[in-house]
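A.B. asks: Take a look at this one; I'll ask things after.
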Amino acid sequence: MRISITDRCDFRCVYCMSEEMTFLPRTQILSLEEIYLLAQCFTELGVGKIRITGGEPLVRRGAIELLQKMGSLPLLNELVMTTNGSHLEHSAAQLKQAHVARLNISLDTLDAQKFKELTRTGELDVVLRGIDAAINAGFKGIKINAVILKNRNHHEVVDLVQFAIDKGIDISFIEEMPLGLIDAHDRAVAYYSSDQIRDDLAKQFNLRHISETTSGPSDYYRIQGAPIKVGFISPHSHNFCSTCNRVRLTVEGRLLLCLGNEHSVDLKAAVRDPKNTPDDLKQIIIDAMQIKPEKHEFDLNEQPIILRHMSVTGG
């Protein structure tokens, strides 16, 4: 499962760059204690992997302490985190000590000026130093996530893979998901499929498909002569709904049963109801699984049916 712990993005990513970011009132979001209690309930129900997301999880006060507690849950197999890298330079060692096993780091471009334009406030050098800090901290798995758009950064896919090879870390390319209304670009025009990216990479690298998986949506390839994996997350061109076993807990306490649908359960109300015991919360979670949709219905040529942005959902 994925848990979002921050009430806004630290800086924008390529697929939500026109959105205005605001903080939510503290009473409207889950406390760190409530997040930990729900994480405990999920692990006792058999969830073995939890991914902490943001925006940027590390902007929330107490995030490291929460990770330390969650990393010590006796039934948890793996704690991982998605980050934009803006705080890694000074936090990587602490994250490793908190039993975070793997990191996914958002990086859509290696061009400093374009990076600033896409993120509005981000500094590429800070993120690159954060990646180096994570490598030096000794995480067992580090992966770059890059959302690719036509005529914006599609020409950088070879450079991004070469960067990953040079650093000895994995990389996944992601097709943009139509979540929320935007005015920065026409999604249908900007769409660049995983197949197109693969064709671009094949001109430079010898790609070999592999069956290896991290229990996520990525379809992985190996590059001959390189120690890394290249993944493709393809919600449009190669739908992965049939293998999805993931749910998301938003910072407002909504348990989202599908990223591309609005089916959800209000766990904030449940956890704040003094009558509910941990066993009651677990039964509410079990009951919620009955409304998990069969699949999403993404259509690049239509207005999005999901009006929440990825920054609200969590990375």
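The values are calculated or read from the model by the stated rules, or taken from the named source; none is laboratory data. Since we're looking at a predicted model, the values are computed, not measured. Please note: Cβ atoms are built from the backbone with ideal geometry, for glycine as well, and neighbour counts cover all protein chains shown.
A.B. asks: Cβ-Cβ under 6 Å, sequence separation 6+ or interchain: first residue in the stretch 151-162 and more than 10 Å from Asp200 (Cβ to Cβ) and modelled with pLDDT of 95 or more, partner surrounded by 14 or more Cβ atoms within 10 Å (Cβ to Cβ) and of a type in the set (A, V, I, L, M, F, W, C). Which pairs?
C.D. replies: Cβ pairs passing all conditions: Asp159/Leu110; Leu160/Ala146.
A.B. asks: Would you please list the contacts, defined by Cβ atoms under 9 Å and residues six or more apart or on different chains, that run from a residue in the stretch 90-117 that is at negative phi and free of Cβ contacts under 8 Å to residues at least 12 places away in the same chain to a residue that is surrounded by fewer than 16 Cβ atoms within 10 Å (Cβ to Cβ) and hydrophobic (A, V, I, L, M, F, W, C)?
C.D. replies: Matching pairs, first to second residue: none at all.
A.B. asks: Looking only at the stretch 199-224, how many residues end up being touching a helix residue (DSSP H, G or I) at 6+ places or on another chain (Cβ under 9 Å), over 23 Å from Val47 (Cα atoms) and either without any contact (Cβ under 8 Å) to a residue 40 or more places away in the chain or not aromatic (Phe, Trp, Tyr) (or both)?
C.D. replies: 7
A.B. asks: Before we move on, is Thr6 among the β-branched types (Val, Ile, Thr) and either at pLDDT 95 or above or in contact with a Gly (Cβ under 7 Å, 6 or more places away or on another chain) (or both)?
C.D. replies: Yes, satisfied.
A.B. asks: Only helices (runs of 4 or more DSSP H) wholly contained in the stretch 215-313 count here; list those with 1 or more residues that are of a type in the set (S, T, N, Q) and modelled with pLDDT of 65 or more.
C.D. replies: 278-288
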